[in-house]
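Here's the structure we're looking at; comments come further down.
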Amino acid sequence: MATLCRKPLTVLSEARRSVQGMAVRPLQPSFDDLGVPLSEATFVVVDLETTGGAADSEITEVGAVKVRGGVVLGEFQSLVRPSSPIPAMIQVLTGITNQMVASAPPASTVLPAFAEFAAGAVLVAHNARFDTGFLRRGYEELGLAWPRPTIVDTVAIARTALLRDEVPNCKLATLARHFGADTEPNHRALSDARATVDVLHGLLERVGSLGVHTLDDLAEFALQVSPDRRAKRVWAHSAPSGPASTTSSPTRSTPTACPAGKPSTSASPRICAAASVPTFPPRRSAAGSTRWCASQQRSSSSSAPPTWRRRCASCG
């Protein structure tokens, strides 16, 4: 009996050890599954000044501000010496001249330093596609790996959170005045980055009342449409764009009305009520059918092709 009882106890103890060693997945998600709270996220608000907006343009200044929980943790600012002269119009717009960047470090020195400053943070920019596009291209030219950070565009958030009655547009200067920013943007990298920080805080305060509390909520809010609803667009790809329309063949001419005044059939306006085939050009049979009539309705000065019609029984 003792031998028989030991085996079930051994099996039970082994089962308990196996269950304890397994990672039991909780049925209810924890707070960690809700995403990073906005108050705990580290944002690096960046702004770039360039020699233009073309694909061959270069960076002339980098400005960034690191914030978390509304507190400024640090700032980054540096002029960048481009390989080509700055156009005169850009010098007037930004105030950055060729003399100012003559002694500045090149992009190969500035971008690695900025990458270290922004490591592990969420990138924020006003019209982020412009700034992140230059940064990504600069990283690739220097052989730096693009960290694929979370990107927040204050323009996209402003377009969703603010009404037309509040602001006429979503330019940085307009939003800075609307939220009472301490720094006025002046097309210099650090000044524009500081103004964008105030705009970001104003937008986060605005969307916080709408239930946006995490980075995931903020990204979904900026999209305006949830990914689930956006994925349903493919459902209508095979649907027609409008009611079906019958187009006339280019080889057929406009039919003439029946001289007897008989109404045409509703199925096809090209068929006479007493006829059974459409108005194609005449075809004579071997017996020389007289049911086809060619009537050239052209004037002496017109070069239009002749119009053919089918003769019905009433027309003779």
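Computed with a 1.4 Å probe on the full set of protein chains, the accessible area for ARG206 sits at about 70 Å². Expressed to the nearest 5 percent, the antiparallel share of DSSP beta bridges inside the stretch 39-194 is 75 percent. Note on PHE117/HIS237: beta-carbon distance plugged into 1/(1 + (r/R0)^6) with R0 of 51 Å gives a FRET efficiency of 0.70. Based on Cα contacts under 8 Å between residues 6+ apart, the stretch 121-196 shows a relative contact order of 28 percent.
Looking at the stretch 76-193, the accessible area is 55 square angstrom per residue; that uses a 1.4 Å probe and ignores ligands, DNA and RNA. Summary of the geometry: the stretch 113-189 and the stretch 67-108, compared by the centres of their Cα atoms, lie 16 Å apart.
Which percent of the accessible heavy-atom area of the stretch 55-211 goes to carbon and sulfur, probe 1.4 angstrom? Can you show the working numbers first?
Values: 4150 of 8140 Å².
Ligands and nucleic acids excluded, carbon and sulfur reach 51 percent.
Note on ILE151 and SER209: their simple-model spin labels are 3.1 nm apart, each label 7 Å out from Cα toward Cβ.
Taking a spot 7 Å from the Cα of THR42 along the direction of its beta carbon, which residues of the stretch 65-80 have an amide N less than 11 Å from it? Once the point is set 7 Å along Cα→Cβ of THR42, 66-68, 73-74 turn out to lie under 11 Å by backbone N, inside the stretch 65-80.
The values are calculated or read from the model by the stated rules, or taken from the named source; none is laboratory data. Predicted model only: the values in this text are computed from it and were never measured. We place every Cβ from the backbone using ideal geometry, glycine too, and count neighbours over all the protein chains shown. These accessible areas exclude ligands, DNA and RNA; they are computed on the full protein's heavy atoms, side chains included. Shrake-Rupley method; radii C 1.70, N 1.55, O 1.52, S 1.80 Å.
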